[in-house]
Amino acid sequence: MDSFKVVSKNVAPTVFEAEARGHKTVCDVPPALNGSDTAMLPPETLLAALGNCLGMVIALTCREKGIPYEGMVVTTTADAVDGGSRLDNFRVEVQMPGELDARARRLVESAKELCKVGHTLAHGAKVEEIIL
């Protein structure tokens, strides 16, 4: 895909629903911010996108190369910095379901080059915000 588009709509007082290609995801805020805490926070969905992206490219690589991956667990963390206004120090830990030999480890580690979300975060991105 050459470009991506997601449309987010306010569907409840503090709930936003994002839709892309007919698929939906939801974000909310906790009660401390007068929300209902019915879904992940937007920064958590960013971590989920990174973890899911890396996990998916590893799974695709493993499937293609015959490396067991079913049951893989990806844990993604980041620190809130600048008074909580942004995230930094992202860390993604991948727990494979079994031991990897040297060849399989090289293949799994090289899969990260295919993760668009990881590359975007690592290299920065221009963000234009337009209020209409």
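The values are calculated or read from the model by the stated rules, or taken from the named source; none is laboratory data. In this text, all values refer to a predicted model and were calculated from it rather than measured experimentally. All Cβ positions, glycine included, derive from the backbone under ideal geometry; neighbour counts span all protein chains shown. Each accessible area value is taken on the protein alone, full model and side chains, heavy atoms only, with ligands, DNA and RNA left out. Shrake-Rupley method; radii C 1.70, N 1.55, O 1.52, S 1.80 Å.
Observations
- Count - residues of the stretch 15-46 that are open to solvent by less than 40 Å² (accessible area, probe 1.4 Å) and of a type in the set (Ser, Thr, Tyr): 1
- Qualifying residue in the stretch 80-101 (condition: free of Cβ contacts under 8 Å to residues at least 12 places away in the same chain, assigned to a helix (DSSP H, G or I) and open to solvent by 40 Å² or more (accessible area, probe 1.4 Å)): no
- Pair list, Cβ < 9 Å and 6+ apart or interchain, from the stretch 7-22 residues that are under 12 Å from PRO42 (Cβ atoms) and at pLDDT 95 or above to residues that are hydroxyl-bearing (Ser, Thr, Tyr) and part of a strand (DSSP E or B): PHE16/SER8; ALA18/SER8; ALA18/THR25
- Which numbered condition ILE67 misses (of (1) open to solvent by less than 40 Å² (accessible area, probe 1.4 Å); (2) within 20 Å of LEU121 (Cα to Cα); (3) in contact with a Leu (Cβ under 8 Å, 6 or more places away or on another chain); (4) not charged (D, E, K, R)): (2)
- For the stretch 47-64, the tally of residues that are over 12 Å from LYS112 (Cα atoms) and either open to solvent by 60 Å² or more (accessible area, probe 1.4 Å) or in contact with a His (Cβ under 8 Å, 6 or more places away or on another chain) (or both) stands at 2.
- LEU50 meets each of the listed conditions (1) in contact (Cβ under 8 Å) with a residue 60 or more places away in the chain; (2) part of a strand (DSSP E or B) apart from (2).
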